[in-house]
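Enquirer: For reference, the structure I am asking about is given below.
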């Protein structure tokens, strides 16, 4: 199944106080490190970065300030316009510096059956999303003006889709560290220790 990885890097980084994608990590910008990690995954045919990232090919949101779901919707729409068709999208936020390739490969290898989304139990991201009319309909609806900003979430998206929550393949503490979001300077410091 053709699969693309979609790296969410278009957020405002308000709580961090600086652009999270550009944080220095392992001698480079965080966005570059995570993008390379995604390119190295078995089963990923292409990597797309959502947002506007200086010096890196990226896809801006069609409707700015609509949150990460708009980033997903915009990237999938842009790939269709380009004539690139992917059956699945592996959605990964840029602010998970400890995200393990092993976890992502387990997610990619999970048989989804008829499910439209696969994620780990207790975590909405990373997320393996099947490209379908229903997924695009849900994304468009959640990104519309009629939906309040606090309802534009992956939790809401998953609630409207057939999804599979797979059990963790590691102890909960290891999984929590791997999937730790870094939204503040304090969280960033804890994550990179």
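Enquirer: From 27, 55, which residue is farther than 22 Å from residue 127 by Cα and at pLDDT below 90?
Expert: Going through 27, 55 in turn, just one is farther than 22 Å from residue 127 by Cα and at pLDDT below 90: 55.
Enquirer: Could you list all residues from segment 1-43 that are assigned to a strand (DSSP E or B) and within 18 Å of residue 189 (Cβ to Cβ)?
Expert: Matches in segment 1-43: 24, 25, 29.
Enquirer: If you don't mind, there's one more thing I want to ask. For segment 42-52: of the residues being modelled with pLDDT of 95 or more and crowded, with 18+ Cβ neighbours inside 10 Å, which is farthest from residue 139 (Cα to Cα)?
Expert: Here the answer is 44.
Enquirer: Is it true that residue 121 is touching a residue at least 12 places away in the same chain (Cβ under 8 Å), exposed (fewer than 15 other Cβ atoms within 10 Å of the Cβ), within 29 Å of residue 25 (Cα to Cα) and out of contact with any strand residue (DSSP E or B) (no Cβ under 8 Å at 6 or more places or on another chain)?
Expert: Spelling it out, it is not the case that residue 121 is touching a residue at least 12 places away in the same chain (Cβ under 8 Å), exposed (fewer than 15 other Cβ atoms within 10 Å of the Cβ), within 29 Å of residue 25 (Cα to Cα) and out of contact with any strand residue (DSSP E or B) (no Cβ under 8 Å at 6 or more places or on another chain).
Enquirer: Any idea which of 115, 109 is farther than 28 Å from residue 19 by Cα, touching a strand residue (DSSP E or B) at 6+ places or on another chain (Cβ under 8 Å) and touching a residue at least 12 places away in the same chain (Cβ under 8 Å)?
Expert: Result of the check over 115, 109: 115.
Enquirer: Can you tell me how many residues in segment 1-22 are within 26 Å of residue 42 (Cα to Cα), touching a helix residue (DSSP H, G or I) at 6+ places or on another chain (Cβ under 6 Å) and modelled with pLDDT under 90?
Expert: 1
Enquirer: Collect the residues in segment 65-115 that are surrounded by 13 or more Cβ atoms within 10 Å (Cβ to Cβ) and on the phi > 0 side of the Ramachandran plot, keeping them in residue-number order.
Expert: 67
Enquirer: Same structure, new question: What's the number of the condition residue 173 fails, among (1) at pLDDT 90 or above; (2) more than 17 Å from the chain's Cα centre (by Cα); (3) in a helix (DSSP H, G or I); (4) surrounded by fewer than 16 Cβ atoms within 10 Å (Cβ to Cβ)?
Expert: The one condition residue 173 does not meet is (1).
Enquirer: Let me ask another. Could you check residue 35 against (1) in contact (Cβ under 8 Å) with a residue 40 or more places away in the chain; (2) crowded, with 20+ Cβ neighbours inside 10 Å and say which number it fails?
Expert: (1)
The values are calculated or read from the model by the stated rules, or taken from the named source; none is laboratory data. Just so it is clear, the model here is predicted, and its values are computed rather than measured. A quick note on method: Cβ atoms are made from the backbone with ideal geometry, for glycine too, and the neighbour counts reach across all protein chains shown.
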